[in-house]
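The values are calculated or read from the model by the stated rules, or taken from the named source; none is laboratory data. Here the structure is a predicted model, which is why all the values come from computation and not from measurement. Areas reflect the complete protein model, heavy atoms only, side chains present, ligands, DNA and RNA absent. Shrake-Rupley method; radii C 1.70, N 1.55, O 1.52, S 1.80 Å.
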Amino acid sequence: MQSAKNTFLKYRSLLIWVVGILVLYTLIGFFILPWVAEKQLVKTLQQRLGVQVSVERIQFNPYTFEATVDNLQLTTEQDEPLAASEKLYLNLQPLHLVRLTLRLEEISLADTTLHFRRYSTTDNTLTRLADNWAASAKEDASEDEANQSSEKDESLFTLEIAAVNYTEGEIHYRDEVPKEPFETVLRPVNIQLQDFSTEASQTANIDLEIGLENDAKLSAGGNLTMSPLQVAGQVTLDNFSLQTPYRYFKGQLPVELNSGRFKQKTAYDINLAGDATKIDLSEVDIE
C-alpha cells in the first residue's frame, strides 16, 4: 500500500498535467473552436461574397473529428434568399496528414435549398458572387508571382473525399430574360460522389438525379478524374416537356406549341486537360 502511495505521489504532477491538458483540449474542441469557426465563417462570407450569413449552431467533436452546421442561411445584400441548409455534416480524418493527405470521410448536405436568378443574358446570381469575390480580393503583385510559381510545382497535399452526399435538395430558379419571366422549382436533387481524389489517375464515381417540371427527370452517372481533368459517363433526360424551352422562343415563332415530350440518352466524354475542351458524344438515343 505504501509503495502504491509513493508511486502516486511520484507521478502526481505528471497526472495533473495530463488531466489538465485533456480538460483544456476538451473545452477548446467542444466550445471555443465552434465559436471561432462560426465567427470566421460569417466574417469571410460577408467580406468576400457580400452575403449575409446566419447559423443556428456549429458543433465539433474533438475526439471523433465530426463537425455539424445546423440551419445555415445565406441571403444577398438585397435580402434575397441565396441558400439554406438544415444540416451540414463533415467527418475529418486528421491521422492521414502523416502521409500528406487531407482526407474527409464524409460530407453530407441534408434538405438544402439553392436559389438561382437570371437577371439578363450576362447577369445572374453566380456572376454577381464572382464579381464580389474578385472585387474583395487583394491585389498584390508579389503574391501573384508566388502563386504563379507555386502552380508549376506539384501540390504538397493530396485531397481525398470518401463520400459526398447531397440529398433531397431543391433548386429555386427564376428567369427574367424571356418576354414572360417565370419561376420553377427543381426537386428532388440528389448527388453522390464517391472516392474523390486529386491524386493523378484516381477516378471518382458521380451519380446525379434532378426532378424537373411536369414529372421530367435528369439523370447522370459517370467517372471523374482530376489529373488529368476528365469526366465520362451517360446522361438521360426522361419525359422532358418541350414547353420548358418553348418559353424562350414563343415570342419569335409563328406557331404555338401546346404539348410535347422528349427523351434522350447520351454517352459523353469531356476532356478538360488541354488548352481546348474536347467533348465526345456517342450512343445518342432520342425519342
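Here the stretch 166-235 exposes an accessible surface that is 48 percent carbon and sulfur, computed with a 1.4 Å probe and the other protein chains kept in place.
Near Leu104, the amide H atoms lying under 5 Å from its own belong to Glu160, Ile161, Ala162; only residues 5 or more places off or on other chains count, and H is placed 1.01 Å from N. Computed from backbone phi with θ = phi - 60° and the Karplus coefficients 6.51, -1.76 and 1.60, the 3J(HN,Hα) list for the stretch 198-208 is 8, 5, 4, 6, 8, 10, 9, 9, 10, 9, 9 Hz; x is used for glycine and proline. Given the rule -39500 (n - 2.57) for each run of at least 4 DSSP H residues, summed and divided by the residues of the chain, what is its mean residue ellipticity at 222 nm, to the nearest 500 deg cm²/dmol? Result for the chain, helices only: -8000 deg cm²/dmol. With θ taken as phi - 60° and the Karplus curve 6.51 cos²θ - 1.76 cosθ + 1.60 applied, the whole-hertz 3J(HN,Hα) list for the stretch 232-244 is 9, x, 9, 10, 10, 10, 10, 6, 6, 7, 5, 5, 5 Hz, x standing for glycine and proline. What the chain shows is 67 Å² of accessible area per residue, with the surface traced by a 1.4 Å probe over protein heavy atoms. Phi-derived couplings, Karplus 6.51 cos²θ - 1.76 cosθ + 1.60 at θ = phi - 60°, listed residue by residue for the stretch 31-47: 10, 6, 4, x, 5, 5, 4, 5, 4, 5, 4, 5, 5, 5, 5, 5, 6 Hz, with x used for Gly and Pro. Annotated for the chain: lysine pairs at least 8 residues apart or interchain, Cα distance under 17 Å, count 4.
Between Ile16, Ile107, Ile210, the Gaussian network model of the chain with springs among Cα atoms under 10 angstrom shows the greatest mean-square fluctuation at Ile16. For Asp111, the amide hydrogen comes within under 5 Å of the amide hydrogens of Thr167, counting only partners 5 or more places away or on other chains and with H modelled in the peptide plane.
From largest to smallest, the equivalent ellipsoid semi-axes obtained for the stretch 1-110 from the alpha-carbon gyration tensor read 41, 16, 12 Å.
Note on the stretch 21-86: semi-axes of the ellipsoid equivalent to its C-alpha gyration tensor, largest first and rounded to whole Å, are 28, 12, 7.
Scaled against 2.2 N^0.38 Å for its residue count N, the alpha carbon radius of gyration of the stretch 156-249 is 1.36.
The alpha carbon convex hull volume per residue for the chain rounds to 217 Å³.
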